[in-house]
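Enquirer: Submitted below is the structure of interest, expressed as structure tokens.
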Amino acid sequence: ISLVQSIVNNPDQKLKDLLIVSESDRKMLAEFNNTKRDISSCLISELFEQQAVVLPNKTAVISGDLQITYGELDNRSNQLANHLISLGIRGGDVVGMCLERSAEMVVAVLAVLKAGCCYLPIDPIFPNDRIAYMYEDSRAKVLISQSSLKEKFNDFPETIMVLTDIDRDKISGHSTKKPAISIDNQSLAYMIYTSGSTGKPKGVKVHHEGVVNFIESMFEKPGIKESDILLAVVTLSFDMSVYELFVPLSKGATIVVATSRDTTDGSALIDLINKHDISLISATPSFWSILLASGWEGSDRIKGLCGGEALTSGFVSQILPKVGEFWNCYGPTETVVYSTCIQITSAGIPILIGKPINNTFIQILDKNSKELPVGVTGEVCIGGQCLTKGYNNLPELTAEKFVVIEDDRRVYRTGDLGRFISDGNIELFGRSDNQIKLRGFRIEPGEIESHLTRIPLVQEAVVRIHKFDQNDERLVAFMNVEEGFNLTREDIINSLSRRLPSYMMPSFFQTSVGFPRLANGKINKKALALEIKGPEKGKDIELTPVEKVIYNIWSEALKTGDIKATDNFFEVGGNSLLAISVFSKIEAAFNIVLGLRIFFDSPRIKDLAEVIDISIQKNVKQKSIKKTIIDDSRIIEGEI
Ligand code: AMP
């Protein structure tokens, strides 16, 4: 294999031509891709409706104190679908959806599908410019939202808005009967926008058949039971949410929807898991790490699915003892959520991503789209019923990424490097391009770089990931600026935050006049080194004693002294995982127990210091009261 691999790595094409997949290899590869199964030729919403007929009184969704049965969910989503149709939308139209995480969100997703439309998830945390771009690019006709988020859409005067709270009476006035629609399983079900290297996000168009195939394949492996209770934690704008919503609802299982606040707070998540006896969770490694860092004891009852980014052996060794089963699931949005999966039973390396799911084939191709033999690393290319309809309004990019290979079959070129091993499982080796995965979020550095270079006096930018610690990876931006560039970090963030969501915001911006170059004139990216500055001397002069202590803990964790008392921890490089360790250090420093929730409520040094001050004063008072009681009892004893 090493001889074969050295031929692959050799620039001489003639040598590579020697790499022919032998007849026995061909048979083996065909066997690995022998995934053909019959699938239901129906729409996604029809899989749910079948359950609603059989199990009308079973709980479908739990959200806070609210519980909705399959029958109620079916009726309410039919009413909303009929309402949408009454507003003039027709099969095939795109409907934007910007809702807080709730049972209402599930009703809305089903309603859009039942109306024969394609849903466009818009995360409320997205900046307005990004939302406007997605909305226009997708040519959405209607927007489903709620009054608390309405202001985000003030600049959309043409849009027909449905507000699930304000329009409740109008919606419930419609029939609970399923609307008649005339779409087929090639029609679009959703459009999810992912980061785009040219500076704008790109919409992936996903049709019903691909999702139905995915759902039914997930029934087999990793498997789901009617009695399962799933904790839904993933934002709708990330396609792992498609697993969370449709796999349980197509099987008669129950979904517990965590609020977006719960999803970052480990103790709130643990409470939900225990309260609802959760048995199924599908999430990113970062999510599982939050649970681990929050002291989760685990549960044998839980089947855990993990996807979105590579697993490390260290992480696997921590999570395995906490769950009944743990599965590694892999796949890009372009081929519907997960395209391979494997149960992980040991932390030994390599950590594999498994075999193709039903009606899916994988080929490992070289740069010339030639198939490589078993054991040889190339680009992972995925084809079959999972293949989506490409990128919205981007025919050239679609043609570049969704390519035709031999036998007129089409595959999606993932950009992931991998190889088949002899038992048919696939091993991954990172990316062939610059794409980044950060806490499960897919980020094209080119998108951030293109916004940075639009700032006056910025000539070039390089964005990459920097690993500060085991659980602390962050984006850093290097900027080649002209003399006279004098924007502060805050100015740069203000400029970027109109277009980039917070997870795409670099934590560090390092400027220099000129970049190191290679002999051919290209930027020498390896020579770009981050200069890390700790707490700044004198910076804390204007801080109170309590603020000073917090400032020092923050700046040590965030690796920067450039923090103001009014900065939000999560906007200056902090994340939920880092918050857990930072907060426990703060509690230890003041010898108090406040609970992590306080940190999410008061993520600024100033506010946090106030809470701590009050708590310290309370403690002092309580201690002095105790002392008086002790003194009193002595006096009483003395009297006796
Ligand atoms: P997304 O479209 O956001 O789901 O991102 C897809 C990309 O995430 C893949 O092309 C991989 O680079 C990475 N990815 C997803 N799941 C895994 C996994 N289980 N192991 C390694 N990388 C993964």
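Enquirer: Does segment 231-277 hold any residues that are outside any helix (DSSP H, G or I) and over 17 Å from the mean Cα position of the chain (by Cα), and which are they? Break it down into steps so the answer makes sense when it comes.
Expert: So in segment 231-277, the residues outside any helix (DSSP H, G or I) come out as 231-239, 250-261, 265, 277.
Residues satisfying the conditions are SER250, LYS251, GLY252, ALA253, THR254, ILE255, VAL256, ASP277.
Let's see how each residue does on (1) more than 10 Å from the ligand (Cβ to nearest atom); (2) out of contact with any strand residue (DSSP E or B) (no Cβ under 6 Å at 6 or more places or on another chain):
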position: VAL404; (1), (2): yes, no
position: TYR412; (1), (2): no, no
position: ASN434; (1), (2): yes, yes
position: ARG439; (1), (2): yes, yes
position: GLU447; (1), (2): yes, yes
position: SER450; (1), (2): yes, yes
position: VAL458; (1), (2): yes, no
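Enquirer: Same structure again: Quick check on segment 217-226. Is at least one of its residues within 13 Å of the chain's Cα centre (by Cα), within 16 Å of the ligand (Cβ to nearest atom) and at pLDDT 95 or above? Write out each step before concluding.
Expert: Step one: of segment 217-226, the residues within 13 Å of the chain's Cα centre (by Cα) are none.
Checked segment 217-226: no residue is within 13 Å of the chain's Cα centre (by Cα), within 16 Å of the ligand (Cβ to nearest atom) and at pLDDT 95 or above.
Enquirer: Identify all residues within segment 54-88 that are on the phi < 0 side of the Ramachandran plot, assigned to a loop (DSSP other than H, G, I, E, B) and out of contact with any helix residue (DSSP H, G or I) (no Cβ under 9 Å at 6 or more places or on another chain); write none if there are none.
Expert: From segment 54-88, those on the phi < 0 side of the Ramachandran plot are 54-63, 65-87; that's our starting set.
Within this subset, residues satisfying the condition of being assigned to a loop (DSSP other than H, G, I, E, B) are 55-58, 65, 87.
Residues satisfying the conditions are ASP65, LEU87.
Enquirer: Ok, one more. If you check every pair at least six apart or on different chains, which have Cβ atoms under 7 Å apart with a residue in segment 411-427 that is of a type in the set (Lys, Arg) first and a residue that is modelled with pLDDT of 95 or more and open to solvent by 20 Å² or more (accessible area, probe 1.4 Å) second?
Expert: ARG413/GLU379; ARG413/LYS401; ARG413/VAL403; ARG419/THR377; ARG419/GLU427
Enquirer: Quick one: count up the residues across segment 322-376 that are closer than 18 Å to LYS437 by Cβ and either more than 14 Å from the ligand (Cβ to nearest atom) or among the charged types (D, E, K, R) (or both).
Expert: Qualifying residue count, segment 322-376: 1.
Enquirer: Would you check if CYS381 is under 21 Å from the mean Cα position of the chain (by Cα), crowded, with 21+ Cβ neighbours inside 10 Å and of a type outside the set (Gly, Ala, Ser)?
Expert: Working: under 21 Å from the mean Cα position of the chain (by Cα): no; crowded, with 21+ Cβ neighbours inside 10 Å: yes; of a type outside the set (Gly, Ala, Ser): yes.
It is false that CYS381 is under 21 Å from the mean Cα position of the chain (by Cα), crowded, with 21+ Cβ neighbours inside 10 Å and of a type outside the set (Gly, Ala, Ser).
Enquirer: Is at least one residue of segment 245-265 open to solvent by 30 Å² or more (accessible area, probe 1.4 Å) and free of Cβ contacts under 8 Å to residues at least 40 places away in the same chain? Walk me through how you get there before you give the answer.
Expert: Step one: list which residues in segment 245-265 are open to solvent by 30 Å² or more (accessible area, probe 1.4 Å), which gives 251, 259-261, 264.
Checking the rest, the ones that are also free of Cβ contacts under 8 Å to residues at least 40 places away in the same chain come to none.
Looking through segment 245-265, none of the residues is open to solvent by 30 Å² or more (accessible area, probe 1.4 Å) and free of Cβ contacts under 8 Å to residues at least 40 places away in the same chain.
Enquirer: Also, quick follow-up: Can you name the condition, by its number, that TYR338 falls short on among (1) hydroxyl-bearing (Ser, Thr, Tyr); (2) within 22 Å of the chain's Cα centre (by Cα); (3) over 14 Å from TYR412 (Cα atoms)?
Expert: Single failed check for TYR338: (3).
Enquirer: Taking the criterion of being within 10 Å of the ligand (Cβ to nearest atom), part of a strand (DSSP E or B) and either within 18 Å of LEU245 (Cα to Cα) or without any contact (Cβ under 8 Å) to a residue 24 or more places away in the chain (or both), would at least one residue in segment 306-318 satisfy it? Before you say what the answer is, go through the steps one by one.
Expert: Going through segment 306-318, the residues within 10 Å of the ligand (Cβ to nearest atom) turn out to be 306-311.
If we keep only those that are part of a strand (DSSP E or B) too, we end up with 306-307.
This time we only want the ones that are either within 18 Å of LEU245 (Cα to Cα) or without any contact (Cβ under 8 Å) to a residue 24 or more places away in the chain (or both), so: 306-307.
Taking every residue of segment 306-318 in turn, at least one turns out to be within 10 Å of the ligand (Cβ to nearest atom), part of a strand (DSSP E or B) and either within 18 Å of LEU245 (Cα to Cα) or without any contact (Cβ under 8 Å) to a residue 24 or more places away in the chain (or both).
Enquirer: Of everything in segment 190-206, what is away from the ligand (no atom under 16 Å from the Cβ) and either in contact with a Phe, Trp or Tyr (Cβ under 9 Å, 6 or more places away or on another chain) or among the polar types (S, T, N, Q) (or both)? Give them in sequence order. Outline the logic, then answer.
Expert: Of segment 190-206, the ones away from the ligand (no atom under 16 Å from the Cβ) are 198-200.
Correct list: THR198, LYS200.
Enquirer: Here's another thing I want to ask about it. For segment 475-497, state whether one or more residues are in contact (Cβ under 8 Å) with a residue 60 or more places away in the chain, in contact with a Pro (Cβ under 9 Å, 6 or more places away or on another chain) and charged (D, E, K, R).
Expert: Taking every residue of segment 475-497 in turn, none turns out to be in contact (Cβ under 8 Å) with a residue 60 or more places away in the chain, in contact with a Pro (Cβ under 9 Å, 6 or more places away or on another chain) and charged (D, E, K, R).
Enquirer: Evaluate segment 279-296: report whether one residue or more is in contact with a strand residue (DSSP E or B) (Cβ under 8 Å, 6 or more places away or on another chain), at negative phi and more than 16 Å from the ligand (Cβ to nearest atom).
Expert: Yes, some residue in segment 279-296 is in contact with a strand residue (DSSP E or B) (Cβ under 8 Å, 6 or more places away or on another chain), at negative phi and more than 16 Å from the ligand (Cβ to nearest atom).
Enquirer: Would you mind telling me which numbered condition in (1) more than 13 Å from the ligand (Cβ to nearest atom); (2) buried (at least 19 other Cβ atoms within 10 Å of the Cβ); (3) within 18 Å of THR194 (Cα to Cα) ASP416 fails?
Expert: With respect to (1) more than 13 Å from the ligand (Cβ to nearest atom); (2) buried (at least 19 other Cβ atoms within 10 Å of the Cβ); (3) within 18 Å of THR194 (Cα to Cα), ASP416 is out only on (1).
Enquirer: Output the residues belonging to segment 290-315 that are closer than 21 Å to SER260 by Cα, among the small types (Gly, Ala, Ser) and at pLDDT 95 or above. I'd like the intermediate steps shown before the answer.
Expert: Our first condition is that a residue be closer than 21 Å to SER260 by Cα; within segment 290-315, this holds for 290-296, 304-309.
From the residues that got through so far, the ones that are among the small types (Gly, Ala, Ser) too are 293-295, 304, 307-308.
Answer for segment 290-315, where residues must be closer than 21 Å to SER260 by Cα, among the small types (Gly, Ala, Ser) and at pLDDT 95 or above: GLY304, GLY307, GLY308.
The rows are residues; the columns are (1) surrounded by fewer than 20 Cβ atoms within 10 Å (Cβ to Cβ); (2) over 15 Å from GLN146 (Cβ atoms).
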| residue | (1), (2) |
| --- | --- |
| ALA52 | no, yes |
| THR59 | yes, yes |
| LEU84 | no, yes |
| LEU87 | yes, yes |
| LEU99 | no, no |
| ALA108 | no, no |
| LYS114 | no, yes |
| CYS117 | no, yes |
| LEU120 | no, yes |
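The values are calculated or read from the model by the stated rules, or taken from the named source; none is laboratory data. On a predicted model such as this, the values are computed, not experimentally measured, just so you know. Here the Cβ is made from the backbone with ideal geometry for all residues, glycine too, and neighbour counts use every protein chain on show. Keep in mind that these areas ignore ligands, DNA and RNA; they rest on the heavy atoms of the full protein, side chains included. Shrake-Rupley method; radii C 1.70, N 1.55, O 1.52, S 1.80 Å.
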